[in-house]
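Enquirer: One structure coming up, written as structure tokens, with questions to follow.
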Amino acid sequence: MVLHTGKSKTVHQGADENTVILRFTDNITAGNGEKHETMQGKGELCAAISNLIFAHLKLNGVETHLVEILDETSVLAKKAEIVGVEVIVRNAAAGGFVKKYGVAHGLIFEPPVVEFCVKSDKLGDPMANENQIAALGIATPDELSEMTKKSLLINTYMCRLFKKAGIRLADFKLEFGRYENKLILCDEISPDSCRLWDMKTGEKFDKDIFRQGLGDVLDGYREVFRRLSDVK
Ligand code: TYD
């Protein structure tokens, strides 16, 4: 039974009440779905990359929704109540931040910047601060501070991993869910939801290739997978 059809994944009921099956599809979208295409092999690549990153986070003690990898495009996950915010962590300025604040692309943030967006395709995922999110009843101040802490820790682990692969993690988006009175990392982490730049040349390996029409986006994703697979 399909519980939800997302832009790049479908969510199905798992064998028992407390699990779901996430299927990575070959769809790629940008600009809130305005630009969309189907690319054979894309789901498999995103699943493989996300699974590698989730495994690395688990090794570092991060609790995630992942229960088991089922096949090339599917994972079994804990059925969490998804918190209606997207957490964005930025180590360098790009995309929406550059556009909004007029700073130089690549400007380094130390410490990293954490932002929240309300999850709503209809509203275009508007950015909101902690007070606004609490007032909207989407998450409590305690939950927001816990998500901030967890996201910064995840950022540290991911930066370390990508550095070993010669990749700079410029920014990324996370989603959390409530599960057994805890907040756990949910959704996916892939080049769909990260900005990944070659450390030496600055070449982009992420969805910006598609957003900006820079070439074969899956070549970028393949490079990310190849390099992450080689990390010892
Ligand atoms: P951001 O620069 O805020 O938005 P845009 O993609 O419009 O330039 O995005 C920061 C990072 O978060 C980037 O790697 C893309 C990712 N992201 C998502 O995956 N989904 C989203 O809905 C948003 C807003 C961002």
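Enquirer: I'd like to check something: does the range 126-133 contain any residue that is within 15 Å of the chain's Cα centre (by Cα) and under 24 Å from residue 107 (Cα atoms)?
Expert: Of all residues in the range 126-133, those within 15 Å of the chain's Cα centre (by Cα) come to none.
No, the range 126-133 has no match at all.
Enquirer: Please give the number of the condition residue 213 fails out of (1) in contact with a His (Cβ under 7 Å, 6 or more places away or on another chain); (2) in a loop (DSSP other than H, G, I, E, B).
Expert: Failed condition: (1).
Enquirer: Additional query: If you go through the range 20-31 one residue at a time, do you hit one that is of a type outside the set (A, V, I, L, M), assigned to a loop (DSSP other than H, G, I, E, B) and open to solvent by 60 Å² or more (accessible area, probe 1.4 Å)? I'd like the intermediate steps shown before the answer.
Expert: Filtering the range 20-31 for residues of a type outside the set (A, V, I, L, M) gives 23-27, 29, 31.
If we keep only those that are assigned to a loop (DSSP other than H, G, I, E, B) as well, we get 25-26, 31.
If we keep only those that are open to solvent by 60 Å² or more (accessible area, probe 1.4 Å) too, we end up with none.
Checking the range 20-31: not a single residue is of a type outside the set (A, V, I, L, M), assigned to a loop (DSSP other than H, G, I, E, B) and open to solvent by 60 Å² or more (accessible area, probe 1.4 Å).
Enquirer: Here are the criteria: (1) within 29 Å of residue 38 (Cα to Cα); (2) surrounded by 20 or more Cβ atoms within 10 Å (Cβ to Cβ). Tell me which single one residue 154 does not satisfy.
Expert: So the condition that residue 154 fails would be (1).
Enquirer: Evaluate the range 196-210: report whether one residue or more is crowded, with 17+ Cβ neighbours inside 10 Å and more than 15 Å from the ligand (Cβ to nearest atom).
Expert: At the first step, the residues of the range 196-210 found to be crowded, with 17+ Cβ neighbours inside 10 Å are 196-197, 204-210.
Those still in the list that are more than 15 Å from the ligand (Cβ to nearest atom) too: none.
Checked against the condition, which is being crowded, with 17+ Cβ neighbours inside 10 Å and more than 15 Å from the ligand (Cβ to nearest atom), the range 196-210 yields no hits at all.
Enquirer: Right, here's the next one. Tell me, yes or no, whether the range 44-58 has at least one residue that is at pLDDT below 95 and either open to solvent by 30 Å² or more (accessible area, probe 1.4 Å) or on the phi > 0 side of the Ramachandran plot (or both).
Expert: No, every residue in the range 44-58 fails to be at pLDDT below 95 and either open to solvent by 30 Å² or more (accessible area, probe 1.4 Å) or on the phi > 0 side of the Ramachandran plot (or both).
Enquirer: Another one. Would you please name the residue that is nearest to the ligand (Cβ to nearest atom), looking only at residues in the range 157-172 that are hydrophobic (A, V, I, L, M, F, W, C) and crowded, with 18+ Cβ neighbours inside 10 Å?
Expert: Here is the first cut: in the range 157-172, the ones hydrophobic (A, V, I, L, M, F, W, C) are 158-159, 161-162, 165, 167, 169-170, 172.
Checking which are crowded, with 18+ Cβ neighbours inside 10 Å leaves us with 158, 161-162, 165, 167, 169-170, 172.
On the way: 158: 12, 161: 16, 162: 13, 165: 17, 167: 13, 169: 9, 170: 7, 172: 5 Å.
Here the residue is 172.
Enquirer: Of the conditions (1) without any contact (Cβ under 8 Å) to a residue 24 or more places away in the chain; (2) away from the ligand (no atom under 13 Å from the Cβ); (3) in contact with a strand residue (DSSP E or B) (Cβ under 6 Å, 6 or more places away or on another chain), residue 177 clears all except one; give me its number.
Expert: Only one criterion is unmet by residue 177, namely (1).
Enquirer: Would you mind telling me which numbered condition in (1) open to solvent by 30 Å² or more (accessible area, probe 1.4 Å); (2) under 24 Å from residue 115 (Cα atoms) residue 17 fails?
Expert: Against the list (1) open to solvent by 30 Å² or more (accessible area, probe 1.4 Å); (2) under 24 Å from residue 115 (Cα atoms), residue 17 comes up short only on (2).
Enquirer: Condition (residue is over 16 Å from the mean Cα position of the chain (by Cα) and within 10 Å of the ligand (Cβ to nearest atom)) applied to the range 100-115: is it met by at least one residue?
Expert: yes
Enquirer: Is it fair to say residue 110 is at pLDDT 95 or above, open to solvent by less than 30 Å² (accessible area, probe 1.4 Å) and not small (Gly, Ala, Ser)?
Expert: No, not satisfied.
Enquirer: Still on this structure, please answer the following. Of all residues in the range 123-148, which are open to solvent by less than 60 Å² (accessible area, probe 1.4 Å) and within 16 Å of the ligand (Cβ to nearest atom)?
Expert: Initially, the range 123-148 is screened for residues open to solvent by less than 60 Å² (accessible area, probe 1.4 Å), giving 124-126, 128, 133-134, 138-139, 143-145, 147-148.
Within the range 123-148, 124, 125, 126, 128, 133, 138, 147, 148 meet the criteria.
Enquirer: Does residue 189 satisfy the criteria of being in contact with a Phe, Trp or Tyr (Cβ under 7 Å, 6 or more places away or on another chain), surrounded by 19 or more Cβ atoms within 10 Å (Cβ to Cβ) and outside any strand (DSSP E or B)?
Expert: yes
The values are calculated or read from the model by the stated rules, or taken from the named source; none is laboratory data. Quick caveat, the model's predicted, so the values are computed rather than measured. Don't worry about glycine lacking a Cβ; one is built from the backbone with ideal geometry, like all the others, and counts go over all protein chains shown. For accessibility, only protein heavy atoms count, side chains too; no ligands or nucleic acids. Shrake-Rupley method; radii C 1.70, N 1.55, O 1.52, S 1.80 Å.
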